[in-house]
Every structure is written in C-alpha cells, then in structure tokens.
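The structure under discussion appears below in the form of structure tokens.
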Amino acid sequence: MIAIECQGSKDAGVESVTLFNSETNETSSFPTQGVFIAIGHQPNSQLFRGQLDMDGAGYLLTGHHEILLPLLVWGVLDRLGES
C-alpha cells in the first residue's frame, strides 16, 4: 500500500488517507487522525532483533507499516505555507 493523498482541513486536521494498492491498482480510504513520515533515517531496532518481526531494513512490522512513511509531507508543507 502506498499513501497517495491526505484528506482533512486546517481546522479539523487529518481525517483520512487515500491508499493505493500497487498489486491490484485499487485505491481505498483509511480513516485516521494523524500521519507520520520517516525520511532518511535508519531504524534503531537492534534491541528487538530475533524477538519481534522486522522487515529486511530493520523496521518493526506492525501490520500498518505501509502507511507510515509518505504521509507527513502534506502537513509539513501546509505548515510551511503559513510562515
């Protein structure tokens, strides 16, 4: 799943995210009240190696890890536009 758009408003904040499934070419809406994007860093998860499920890059698998990466840009750019 790839996050392609955030829905919401300045007053209400984030209300949902549109996700794209690259295997089926379908989109779906995921209700949420916030987003987080991690850009250009490496996970500090060595402590959990062998104890919790991780992907090949060392990120802990939570079941919703696909939507955590590319979403915060919308909020950051909106905030920068206010300055």
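The values are calculated or read from the model by the stated rules, or taken from the named source; none is laboratory data. All of these numbers come straight from a predicted model, not from anything done at the bench. With ideal geometry, Cβ positions are generated from the backbone for all residues, glycine too; neighbour counts draw on all protein chains shown.
Read through the list (1) outside any loop (DSSP other than H, G, I, E, B); (2) modelled with pLDDT under 90, then give the number of the only condition that Gln7 fails. It fails just one condition, (2).
Scanning region 27-55 for residues that are out of contact with any Leu (no Cβ under 9 Å at 6 or more places or on another chain) and either modelled with pLDDT of 85 or more or in a helix (DSSP H, G or I) (or both) returns Pro31, Gln33, Gln46, Leu47, Arg49, Gly50, Gln51. Val14 falls short on exactly one of the conditions (1) surrounded by fewer than 14 Cβ atoms within 10 Å (Cβ to Cβ); (2) touching a residue at least 40 places away in the same chain (Cβ under 8 Å), and that condition is (1). How about region 56-78: which of its residues are loosely packed, with under 10 Cβ neighbours inside 10 Å and modelled with pLDDT under 65? Answer for region 56-78, where residues must be loosely packed, with under 10 Cβ neighbours inside 10 Å and modelled with pLDDT under 65: just Leu77.
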